[in-house]
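The values are calculated or read from the model by the stated rules, or taken from the named source; none is laboratory data. Not measured: the values here are computed from a predicted model. With ideal geometry, Cβ positions are generated from the backbone for all residues, glycine too; neighbour counts draw on all protein chains shown.
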Protein chains: 2
Amino acid sequence: MSRPQISDLTALDAAGAAQAIRNGEITSEALVRACLDRIAEREDEVQAWAHLDPEAALAQARDMDTVQRSGGAMGPLHGVPIGIKDIFDTADLPTEYGCPIFDAWRPKKDAACVTLLRACGAVILGKTVTTELALLTPARTRNPRNLKHTPGGSSAGSAAAVAAGMVPAALGSQTAGSVIRPASFCGVYGFKPTLGLIPRAGVLMQSHTLDTVGVYGRSVDDLALLADCMTAPERDDAVSYRYEGPRLLETARQTPAQEPRFAFVRTPAWGEADAAMQAAFEGFVGSIDAWVKEIEIGVLANVIEWQRIVQLAENAYYYGRLMRDAPDMLSDGLKARLEAGLEADVQTYIQALASREGATREVARAVTDYDAILTPAATGPAPEGFETTGSPVFNGLWTYLGMPAVSLPLLEADGLPLGVQLVGARRGDAGLLRTARWLAGEVAGKG
Amino acid sequence: MSRPQISDLTALDAAGAAQAIRNGEITSEALVRACLDRIAEREDEVQAWAHLDPEAALAQARDMDTVQRSGGAMGPLHGVPIGIKDIFDTADLPTEYGCPIFDAWRPKKDAACVTLLRACGAVILGKTVTTELALLTPARTRNPRNLKHTPGGSSAGSAAAVAAGMVPAALGSQTAGSVIRPASFCGVYGFKPTLGLIPRAGVLMQSHTLDTVGVYGRSVDDLALLADCMTAPERDDAVSYRYEGPRLLETARQTPAQEPRFAFVRTPAWGEADAAMQAAFEGFVGSIDAWVKEIEIGVLANVIEWQRIVQLAENAYYYGRLMRDAPDMLSDGLKARLEAGLEADVQTYIQALASREGATREVARAVTDYDAILTPAATGPAPEGFETTGSPVFNGLWTYLGMPAVSLPLLEADGLPLGVQLVGARRGDAGLLRTARWLAGEVAGKG
């Protein structure tokens, strides 16, 4: 992307900020201070942060600057502030999971991916607001692009903080649509990698089958850079694997050998989309039609339902204890959801699990001639009001299939951002990010 | 093992037979003919075979001999006859799954592991009797060691055929205790590898979480040799993995660098064992006490229950359709089981699945100082009569944990064989087989 004025530190993307620090153009302390200034300015209205310790963040930044001045080793995120969704354990800040049961809870150690970020030199700026237990009850966070609208959920604070210039990049997580939908609503870049690419140890579990760690940034480069820092296998997690592909950022920055081809897939969710989104998306597809062919994939209607079944049943398994122990501290909506999950039909659940590999192969076969699936990131722009965080119906199916997905802030409708979602092959994260960067850069003039 | 008289071809183990063929001491045709003669002699009373085509088997054998005479490539099982449990698809013989619904069913192609055996030069001798859909309803097969007793189940025919000298080695499968228990009852060597080592494509599925392909033979070498021929990753199976360890047979034949140490684990099943088994097993442990320490592993009581829950619920998923379509063709016992599985509690099932990795780690930590777990293969010798195939309570827990297990025919009780079960670390199949061969050879004088 075009280099912003270095005087406007809050406009830097994470990759650009890392480069500027490395080049000695800016200090980590100056960048963190600029972020804290922006937070001071906008936090009252946006409410993106659950826990913030400005002095501790500045101390981390000064430490990074000292290391740099003394010629010490610098990781790829050296001195760059990162926001952490408040379902990732942090040893130096509370972790409350958006639920009063965990009021002032202090984990003993960082989540594995927070440890990995720190090892790459990141400054942990603070914890961002999550919805209640990363589910559907709206949080207090507002959409920085229009304060009357939801930022989406569940990674509400992370998406809003990046959109408001409070931090260049942040961690989120997705079980249905909790990374991609807020990215679309807030107009930032979002990435839900292949299931298992980033370790889940120390992250609140709501569904071992679906939970996926994701990232937000201000460019495709940011998504690749953060994910690069967190690819580590985890023995204790059955979905985790050792990533042996090329570095994501290096690949993302390559020019594709051939111009990419996109499979436009409306999915069975298309009928739930609003007219403004449909028009904007069809217009976009038309504008790049040389690279696009529309296809249908029959199994996806089932996939949407299977994701719902798995999430509902596993939510009740992981949160059922909370309902027994402290029902008054859960919302009515969540309790109703957990009650339903406790009584889910076992055979339907087994079918949903047992169908996943076959469905993934069917989808893979359907798109074998394409570099990415092109599909909406959400049913429309961010809904007005705060009764709902919007529908994840365009997201849950890719989460269930374990396929990597990116949301690019390329469109608008009704004056609000709208994401273009690209979905890649399982474990094809590097190629997906290269395709996404090509689309953002060449077609839409963004990187 | 000591070389048998070559005149007694039916006493050869598979490894010895392969060597004798390779050396030109015997022909495949002579060996297959000796097996067919033994079958003709004993099949009326043992009833181990579901489908047999003697002329086709002899034709395969002659083809192998022709290849050898013409100097063609010879696989590690060149010319060796193998029995195949009748739940593995075969293109040239019926596959009936022990259920009249599939009367005379002819799959279009071989199961993946049958293809792999053929590629290694094996002669597919015939299909062996399985219990009804590889579950608990006893089959017609009798125990060759005492015809009044069950051979166990569900791989009844494979174990009995190997025990009766009808074939040197055979394929089985285990979801609870269907490989190890019949090996114990019939006095042959049995091996249930790590979950995912051998591909399951083309094998009747009753539980994707538990189903494991296993083998029978007349020595530890046979177990290693057959498994070596079938380690191939399978894209379509979530538990399958690419085996990158050393060849099993080569490792099994090595002398351990140090004398092995065994963790004697009674397991919570001990109380269900009969007195003759307990006495024989304790006597055996006492006889090798220099290498053995008894330990307890707390989680195993739960593991036994989790395996039952998973198998029950998944059985109903895979076989429920049969009950709807053709209830009259299923036994009452099976129908009652499927009815229970259809209504299993979803949260109990999720707990059973979600607990597996943690339980496996707990067991691994408990036995980190040992080369193998030493534990009974069955609750006692083969029960008299044919109302039951015996209890799998000493087996299901290791199947659930995905840990490799071997049964060695080292003991007797009440004049019938009794297996010593060794259990190894997940993916530690090669080391387990080396330890098993050491125990059989050095301590008990068998190889």
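When only residues in the range B:351-376 that are in a helix (DSSP H, G or I) and of a type in the set (S, T, N, Q) count, which is nearest to the other protein chains (Cβ to nearest Cβ)? Checked the range B:351-376; the qualifying residue nearest to the other protein chains (Cβ to nearest Cβ) is B:Q351.
Could you tell me whether B:G441 is part of a helix (DSSP H, G or I) and either surrounded by fewer than 22 Cβ atoms within 10 Å (Cβ to Cβ) or under 15 Å from the mean Cα position of the chain (by Cα) (or both)? Yes, satisfied. Criterion applied to B:D228, B:D211, B:D221 was being touching a helix residue (DSSP H, G or I) at 6+ places or on another chain (Cβ under 9 Å), within 14 Å of chain A (Cβ to nearest Cβ) and not hydroxyl-bearing (S, T, Y), and the one residue passing it is B:D211.
Entry remark, the range B:142-177: residues being more than 11 Å from the chain's Cα centre (by Cα), more than 18 Å from B:A382 (Cα to Cα) and surrounded by 24 or more Cβ atoms within 10 Å (Cβ to Cβ) number 3 in total.
For the range B:308-324, a residue qualifies if it is within 11 Å of chain A (Cβ to nearest Cβ) and under 15 Å from B:P392 (Cβ atoms), and the qualifying residues are B:I309, B:V310, B:L312, B:N315.
Considered as a group, the residues in the range A:236-257 that are within 14 Å of chain B (Cβ to nearest Cβ) and among the hydrophobic types (A, V, I, L, M, F, W, C) include one that is farthest from A:G172 (Cα to Cα), and that residue is A:A238. Right, A:E259: under 22 Å from the mean Cα position of the chain (by Cα) and either under 30 Å from A:C113 (Cβ atoms) or charged (D, E, K, R) (or both) or not? So A:E259 does not fit the description; no. The residues listed here are B:L312, B:L225; of these, the one that is touching a residue at least 24 places away in the same chain (Cβ under 8 Å), at negative phi and under 18 Å from the mean Cα position of the chain (by Cα) is B:L225.
Just one residue in the set A:A61, A:A50 is closer than 30 Å to A:F185 by Cα and among the small types (G, A, S); that residue is A:A50. May I ask you to verify whether A:V303 is buried (at least 21 other Cβ atoms within 10 Å of the Cβ) and either within 14 Å of another protein chain (Cβ to nearest Cβ) or of a type in the set (G, A, S) (or both)? Considered against the rule, which asks whether it is buried (at least 21 other Cβ atoms within 10 Å of the Cβ) and either within 14 Å of another protein chain (Cβ to nearest Cβ) or of a type in the set (G, A, S) (or both), A:V303 comes out as no. If you check A:G298, A:G333 for being in contact (Cβ under 8 Å) with a residue 40 or more places away in the chain, more than 10 Å from chain B (Cβ to nearest Cβ) and either out of contact with any helix residue (DSSP H, G or I) (no Cβ under 9 Å at 6 or more places or on another chain) or not in a helix (DSSP H, G or I) (or both), only one passes: A:G298. Inspect all residues belonging to the range A:404-427 and state whether any of them is under 27 Å from A:T231 (Cα atoms) and surrounded by fewer than 19 Cβ atoms within 10 Å (Cβ to Cβ). Within the range A:404-427 (the criterion being under 27 Å from A:T231 (Cα atoms) and surrounded by fewer than 19 Cβ atoms within 10 Å (Cβ to Cβ)), the answer is yes, since at least one residue qualifies. The condition of being within 14 Å of chain A (Cβ to nearest Cβ), in contact (Cβ under 8 Å) with a residue 24 or more places away in the chain, outside any helix (DSSP H, G or I) and out of contact with any His (no Cβ under 7 Å at 6 or more places or on another chain) holds for only one of B:P260, B:P233, that being B:P233.
When A:V239 is tested against (1) modelled with pLDDT of 95 or more; (2) surrounded by fewer than 20 Cβ atoms within 10 Å (Cβ to Cβ), only condition (1) is not met. Screening B:T348 with (1) more than 25 Å from B:A425 (Cα to Cα); (2) within 11 Å of chain A (Cβ to nearest Cβ); (3) of a type outside the set (F, W, Y); (4) within 26 Å of the chain's Cα centre (by Cα) gives one miss only, at (4). Residues of the range A:381-395 include none that is surrounded by fewer than 19 Cβ atoms within 10 Å (Cβ to Cβ) and free of Cβ contacts under 8 Å to residues at least 12 places away in the same chain. Within the range A:200-230, the set of residues being in a loop (DSSP other than H, G, I, E, B) and either crowded, with 24+ Cβ neighbours inside 10 Å or of a type outside the set (K, R) (or both) comprises A:A201, A:G202, A:L204, A:M205, A:Q206, A:S207, A:H208, A:T209, A:L210, A:D211, A:R218, A:S219. The set of residues in the range A:327-358 being over 15 Å from B:A316 (Cα atoms) and buried (at least 16 other Cβ atoms within 10 Å of the Cβ) consists of A:L330, A:S331, A:L334, A:R337, A:L338, A:G341, A:L342, A:A344, A:S355, A:R356, A:E357.
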